[in-house]
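Okay, structure first, notes after.
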Amino acid sequence: MSQKNETKILALALLLTVGIVGGGAWWFTNGFGAKIGNTIVPGSEAGNNLSLQDRISFGDKNLTPGAVSAEKKEGVQAIAAKSYDKAIANFTAALKLNRNDPETLIFLNNARISSKSYTIVASVPFGTDPNASLEILRGIAQAQNQVNSSGGVKGVPLRVGIANDDDNPEIAKQIASSLVSNSEVLGVVGPITSDSTLAAGTIYNSGQLVAISPTSTSVKISNFSHYVFRTVPSDFMAARSLANYMVRTLQKKNAVVFFNSQSNYSQSLKSEFVSSVSLEGGQVSSEFDLSKADFSAAKSVEQATKQGAEVLMLAANTETLDKALQVVQINQKRLTLLAGDDVYTAKTLEIGREQAVGMVLAVPWHIDSDLKSDFSQKSRQLWGGDVSWRSALSYDATVALIAALKLNPTRSGVQQALVSSDFSATGASGTIRFLASGDRNAPVQLVKIVPGSRSRTGYDFEPVR
């Protein structure tokens, strides 16, 4: 490929990246996010200068970045003023305008609680990854709505708080300390990244407050704490599935890996993939660090080609996704593409487009992998579209906490219930049980990017059968 063409491709990728960040994800289909209707700019309203009080809300503060409808704004003000009937009316009206907003549904259900309740809190990175945060909250909101509309946890409604941790380990720790000191909080869903989970997990462990992450996959989380659990399979499972697919199904044995050395998740997935490929009889001939200032997609792909690589494995995290997508553009479908679950985003379809067709990703769940799923049908009815694996696994985390609260609604009781050998709950992705390590022994679903219309990008993720 000529240098001139490479420059054109990189310029196109950058232009598309800027366009997406500026415009936000506006559709709600195939599990990519909600039709927000407003521009979402990561970090636009949530900087590091926010006080801890401003980061946690049970309905008295709006945390979703971007413009807010007058109805939702009035609902937030009504809750702050303890005018709950008014808040119920306002949030109900706001949901009619935007049925896909999980924060509004959570606030509505909180406003309906007039007596004793059990409290859990979601720790999500609204300031840095608002769309992933909304995906997480969609699963939590569905579980809360489901249990409260059917009488609560043995007659007691579930109250849900939301905390914005900005995916900053230090802020996640501060939030953890605040939640630990609030005796009403009986469980946490989150944090959602491995770095924040490992940082905050030390606080949750010392404070003996259960935290269940729906999306943190680093192998370091296994056996990390008696109070830190996860509903998502570890990177060991994802890497093994990808390596098996590469060597046995694709009959390819030489790969290179792109990763972020500054991310626990990315490091974990990369290391597990290297080991798994070796066990399958293949090799990883080079590793390229996306976090380096002098990283060049063009030079990396050129080097990989010269080394006889047949596969490019993208173990990128959210922060390095744009660079990984430059690799996709430069590759021009010459080498086979594999990727981890952080690449499962609308941005990948928007920027990758035809160059990403055929890429295979390892994710914990896909809505089309079980067409008869009760969760899938109910989520479509509730949100008016398909939800992502992040929604399904956060639903599972919330369902697990609800099941534990039914057995013993205390902090120690929740922990004891989850580690019990006879604990089980039915979630979106099947039966929920936890190993002594805090892990969930669950399978991984491989998905492939194909031409399609559901995402309105012209491309979709579909399960590899």
Hits in the stretch 244-289 (condition: out of contact with any strand residue (DSSP E or B) (no Cβ under 7 Å at 6 or more places or on another chain) and aliphatic (A, V, I, L, M)): V247, L279
Residue selected from the stretch 233-249 under the condition farther than 22 Å from A199 by Cβ and charged (D, E, K, R), by the criterion most open to solvent (accessible area, probe 1.4 Å): R248
The stretch 57-79: number of residues that are at pLDDT below 95 and out of contact with any helix residue (DSSP H, G or I) (no Cβ under 6 Å at 6 or more places or on another chain): 3
Elements of type helices (runs of 4 or more DSSP H) contained in the stretch 331-427, each with 2 or more residues being out of contact with any His (no Cβ under 8 Å at 6 or more places or on another chain) and at pLDDT below 95: 374-383
Unmet requirement for I432, which otherwise passes all of (1) within 21 Å of T215 (Cβ to Cβ); (2) open to solvent by 40 Å² or more (accessible area, probe 1.4 Å); (3) not aromatic (F, W, Y): (2)
Residues that are within 16 Å of L312 (Cα to Cα), in a loop (DSSP other than H, G, I, E, B) and in contact with a helix residue (DSSP H, G or I) (Cβ under 6 Å, 6 or more places away or on another chain), drawn from the stretch 233-252: K252
Residue check, G281 surrounded by fewer than 19 Cβ atoms within 10 Å (Cβ to Cβ) and farther than 22 Å from V444 by Cβ: no
Considering residues of the stretch 197-232 that are open to solvent by less than 10 Å² (accessible area, probe 1.4 Å) and assigned to a loop (DSSP other than H, G, I, E, B) only, the residue nearest to S424 (Cα to Cα): T231
Segments classed as helices (runs of 4 or more DSSP H), wholly inside the stretch 48-139, with at least 1 members that are touching a residue at least 12 places away in the same chain (Cβ under 8 Å), open to solvent by 40 Å² or more (accessible area, probe 1.4 Å) and β-branched (V, I, T): 84-97
Test: residue in the stretch 236-247 that is among the hydroxyl-bearing types (S, T, Y), in contact (Cβ under 8 Å) with a residue 24 or more places away in the chain and more than 27 Å from L137 (Cβ to Cβ): yes
Pairs, first at positive phi in the stretch 276-303, second open to solvent by 40 Å² or more (accessible area, probe 1.4 Å), C-beta under 8 Å, six or more apart: G281/K253
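Yes/no per residue for (1) open to solvent by less than 40 Å² (accessible area, probe 1.4 Å); (2) closer than 18 Å to D460 by Cα; (3) part of a helix (DSSP H, G or I):
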site: T305; (1), (2), (3): no, no, yes
site: L312; (1), (2), (3): yes, no, no
site: E319; (1), (2), (3): no, no, yes
site: A324; (1), (2), (3): yes, no, yes
Extreme residue, modelled with the lowest pLDDT, among residues of the stretch 440-451 that are open to solvent by less than 20 Å² (accessible area, probe 1.4 Å) and part of a loop (DSSP other than H, G, I, E, B): A442
Those residues of the stretch 452-465 which are touching a strand residue (DSSP E or B) at 6+ places or on another chain (Cβ under 8 Å), open to solvent by 80 Å² or more (accessible area, probe 1.4 Å) and part of a loop (DSSP other than H, G, I, E, B), in sequence order: S453, R454
L382 touching a Leu at 6+ places or on another chain (Cβ under 9 Å) and farther than 19 Å from S234 by Cα: yes
Residue in the stretch 334-352 that is over 20 Å from the mean Cα position of the chain (by Cα), in contact (Cβ under 8 Å) with a residue 12 or more places away in the chain and farther than 21 Å from G452 by Cβ present: yes
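The values are calculated or read from the model by the stated rules, or taken from the named source; none is laboratory data. Since the structure is predicted, the reported quantities are computational estimates derived from the model, not experimental observations. No Cβ is skipped: glycine too gets one built from the backbone with ideal geometry, and neighbour counts run over all protein chains shown. Only protein heavy atoms, including side chains, enter the accessible area calculation; ligands, DNA and RNA are left aside. Shrake-Rupley method; radii C 1.70, N 1.55, O 1.52, S 1.80 Å.
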